[in-house]
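Working notes, beginning with the structure itself.
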Amino acid sequence: MEEEQKKITNRLRRAEGQIRGVQKMIEEEKECIDVITQLSAIRSSIDRVMGMIVADNLKHCLENPSDNPTEQAEKMEQAINMIIKK
């Protein structure tokens, strides 16, 4: 679990740096296509982090099932819906 949190935190820090880079690009009036390319990379990175978090949640649900089967099913469905909605 700690290993996963570290990976997620590192990815978020990287995305944060990319966002600062985009802000600088805008201030410097860089080409639109270059800004959009960077924003697309940031979105992809954030999507990956979301997937990692949802996958970790699903793993936790499977490894530590709830005593209440209905509650367990709801948690699983919620996690799956998060992946599908993206």
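So here's what we get for this one:
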| item | result |
| --- | --- |
| Gain on full stretching of the segment that runs from residue 18 to residue 52 - 0.36 nm per residue minus C-alpha separation | 10.3 nm |
| Total charge dipole magnitude, the range 1-84, about the Cα centre, Cβ charges on Lys, Arg, Asp, Glu only, Debye to nearest 20 | 320 debye |
| Long-range lysine pairs (8 or more apart or interchain), the chain, Cα under 18 Å | 5 |
| Whole-Å semi-axes of the ellipsoid equivalent to the chain (Cα gyration tensor, √5λ, descending) | 36, 14, 7 |
| Sparsely packed GluC sites (Glu not before Pro) within the chain, loop by DSSP, other Cβ within 10 Å at most 13 | 28, 29, 31 |
| FRET efficiency for residue 83 and residue 36, using Cβ-Cβ distance with R0 set to 35 Å, rounded to 0.05 | 0.85 |
| Carbon and sulfur %, accessible surface of the range 1-84 computed with the full protein complex present, 1.4 Å | 53 percent |
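The values are calculated or read from the model by the stated rules, or taken from the named source; none is laboratory data. As the structure is a computational prediction, the values presented were derived from the model and not from experiment. Heads up, the Cβs are rebuilt from the backbone with ideal geometry, glycines too, and the neighbour counts pull from every protein chain shown. All accessible areas refer to the heavy atoms of the entire protein, side chains included, with ligands and DNA or RNA removed. Shrake-Rupley method; radii C 1.70, N 1.55, O 1.52, S 1.80 Å.
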